[in-house]
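Readers should treat all values here as calculations from the given coordinates under stated rules, not as data from a laboratory. From a predicted model like this one, the values you see are computed outputs, not experimental measurements. Neighbour counts are summed over all protein chains in view; Cβ atoms, including those assigned to glycine, are modelled from backbone coordinates with ideal geometry.
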Amino acid sequence: MQEVIDFLNSIIWSPALIYLCLAAGLFYSIQTKFVQVRLFKEMYTLLLSGKNSKHGISSFQALSVSLSGRVGTGNIAGVAAAIGFGGPGAVFWMWMVAFLGAATAYIESTLAQIYKEVDQGQYRGGPAYYLEKVTGQRWYAVTFAIATIGACGFLLPGIQSNSIGNGVELAFGTGMLIETGMGIVSEAKIMTGLLIVLMLAFIIFGGVKRIANFTQVVVPFMAFAYVLVVFVIIALNITELPSVFMMIIGDAFSPMAGIGAAIGWGVKRGVYSNEAGQGTGPHAAAAAEVEHPAQQGLVQAFSVYIDTLLVCSATAFVILITGAYNVHGLGDSFLVQNVAAEMAANGPAFTQLAVEKVLPGIGKPFIAMALFFFSFTTILAYYYIAETNVAYLRRTLKLPDFTFILKVVLITAAFYGTVKTANLAWGLGDVGVGLMAWLNIVGLLIIFFMGKPAIKALKDYELQRKSSPEEYSFDPLKLGIKEATFWEKRLEKNKAK
């Protein structure tokens, strides 16, 4: 199984996808005149504004749902993996894919808002919706929807729950070893898996509103607590920070793990963590209640900064400052070995050891707790994304609603991931992320050359912004944007008033 997954990833995550992610981010940065820099203040202002409605959630709730997908195990275990396999220089390429990816995040999330629909009383949207409406290629949109249901409903939840299980084991021990149908499993992982299953069932059977209400409280709190602790560690070792920066920059272009390995692992883990271009963020963006599509696009662009430039950087600094990492070479060799060889790079071990070095007795349980909440909320986000694509298939192919089956499969996958090996879980997740990224980024480029709807929306928003209006409006037909039926109906309704 591991060999098959590794073979698939060698094809999906070929250099072509690595450079496509970077090139798309650079292309959209140029096309938007680096909107991620120009409108940074506006992003922050919009983040705190907006209200929910009976059909949608607020901008902040949408950000929390998308952040719950972005701020997960990738910020703790994913950063460790990038360093462990790509060297410290991989962190630089994570920064690059975040900075450039913020523009991609704006494009995909604005498109999700432009082409969203009202389905069974709530807003729905995402890549499948805008791919169908703009390109007219329903088969392509259906392919993305199926790939996303498979990735978010089955492949990706295991990564999150696996990191939770590994973190709990490392912090509190394995307990009894129990013989099961899945092999010998520790008591700690079984109990952790059962807790995850119970909490997931309670929340996802409550619908998107319950998911949004839960994540808007938990995600900001845990992100703040985590960043606060790691910033304290960085402050206690502030004199080491300049040399760490130099190590990151220097290794980004050095042959320590090979430039290709540093770029590859940095981009792969960067895309997995901040999800820019992957096509997951637009689903939550479409659910937001906003006056203009560009507003939620800007908010989602800001979330990439929070994820990678803040949370991922904090993790990387702590690992590198404390030296709690290895860098793998070919086979079983190490280019750098600072900790025991058995410490897996594909897991939270490096981060836990790093915090434990500075805060003995606190580090391991704290990271285990942070992992639990980060990863758990990410699984919730995966469910919402998969459910949205189930709704799309129901609408498009007239399929029966199999949401209940999705819930059972996702919960089962989360439990299975908790007790299985990290390499297999990450490998499966990489397959899912890669497939979605290929389909979405290629689709975004096709859409751009077919009409540039997201660019038109940005220009329209900035034009209105100059006059400081009390309320923004969006007229898609005036901008030459077709198939934006939700906004057309809203405009007619507002004119009728």
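Can you give me the angle between helix 293-304 and the longest principal axis of the chain, using Cα atoms only, in degrees from 0 to 90, rounded to the nearest 10?
So the helix axis and the longest Cα principal axis differ by about 10 degrees.
Of GLY136, LEU477, MET176, which is farthest along the charge dipole of the chain in the positive direction, counting Lys and Arg as +1 and Asp and Glu as -1 at C-beta?
Positive-end residue among those listed: LEU477.
Dipole magnitude of the chain about its Cα centre, charges +1 at Lys/Arg Cβ and -1 at Asp/Glu Cβ only, in debye to the nearest 20?
1600
Students often forget the sequence filter, so: which aspartates and glutamates lie under 13 Å Cα-Cα from LYS482 once same-chain residues fewer than 8 apart are removed?
The qualifying aspartates and glutamates are GLU132.
Sticking with the crude label model, points 7 Å out along Cα→Cβ, report the distance from SER10 to SER243 in nm, one decimal please.
Using points 7 Å along Cα→Cβ, the separation is 3.9 nm.
How high is the relative contact order of the chain, in percent, with contacts defined as C-alpha pairs under 8 Å that are six or more residues apart?
It comes to 34 percent, rounded to a whole number.
Would you grab the residues whose amide H sits under 5 Å from the one on ASP119? Only those 5+ places off in sequence or on another chain, please, with H modelled 1.01 Å from N.
ARG124
Using +1 on the beta carbon of Lys and Arg, -1 on that of Asp and Glu, and nothing else charged, what's the dipole of segment 102-173 about the Cα centre, debye to 20?
180
Taking the Cα centre of the chain as the origin and placing charges on Cβ (Lys, Arg +1; Asp, Glu -1), which of ASN326, VAL232, LEU20 is farthest toward the positive end of the dipole?
Of the listed residues, the answer is LEU20.
Would you mind calculating the gained length between ALA496 and ILE30 on full extension (0.36 nm times residue separation, minus the Cα-Cα distance), in nm to one decimal?
Contour length minus Cα-Cα distance gives 163.8 nm.
Given the pairs LYS357/LYS420; LYS189/LYS357; LYS116/LYS452; LYS33/LYS452, which span a C-alpha to C-alpha distance of over 19 angstrom in this model?
LYS357/LYS420; LYS189/LYS357
Each residue of segment 102-115 in turn: what ³J(HN,Hα) in whole Hz from Karplus with 6.51, -1.76, 1.60 and θ = phi - 60°, glycine and Pro shown as x?
So the Karplus estimates, Gly and Pro as x, are 4, 5, 4, 4, 4, 4, 5, 6, 5, 4, 4, 6, 4, 10 Hz.
Karplus couplings for segment 221-230 from phi (6.51 cos²θ - 1.76 cosθ + 1.60, θ = phi - 60°), rounded to Hz, Gly and Pro as x?
5, 5, 4, 5, 4, 5, 4, 4, 5, 5
Checking the cross-link filter: which aspartates and glutamates have an alpha carbon closer than 19 Å to that of LYS364, excluding same-chain neighbours under 8 positions apart?
Of all the aspartates and glutamates, those that pass the test against LYS364 - Cα under 19 Å, at least 8 places apart if same chain - are GLU169, GLU187, GLU342, GLU356.
Using packing as a proxy for protection, rank 150-162, 169-181 so that the peptide with the highest average count of other Cβ atoms within 10 Å comes first.
150-162, 169-181
Please list 321-328, 111-118 highest first by mean number of surrounding beta-carbon atoms within 10 Å per residue.
111-118, 321-328
Would you mind checking which residues have amide H under 5 Å from VAL336's amide H? H placed 1.01 Å from N; only 5 or more apart, or other chain.
When sequence neighbours closer than 5 places are left aside, the close amide H contacts are VAL327.
Among the aspartates and glutamates, select those whose C-alpha is under 18 Å from the C-alpha of LYS466, and discard any that sit fewer than 8 residues away in the same chain.
Leaving aside aspartates and glutamates fewer than 8 places away in the same chain, those within reach of LYS466 are GLU42, GLU291, ASP475.
State the extension gain, in nm to one decimal, for the chain segment bounded by GLN137 and VAL217, taking 0.36 nm per residue of separation less the distance between their alpha-carbons.
24.9 nm
Per 10 Å bin, what is the whole-percent P(r) computed from every C-alpha pair distance within segment 359-497?
9, 21, 26, 23, 16, 5, 0
Which whole-Hz ³J(HN,Hα) couplings does segment 409-416 yield from phi under the Karplus relation 6.51 cos²θ - 1.76 cosθ + 1.60, θ = phi - 60°, glycine and proline marked x?
5, 5, 4, 5, 5, 5, 5, 4
I'd like the per residue volume of the convex hull spanned by the Cα atoms of the chain, given in cubic angstrom.
Dividing the Cα hull volume of the chain by its residue count gives 138 Å³.
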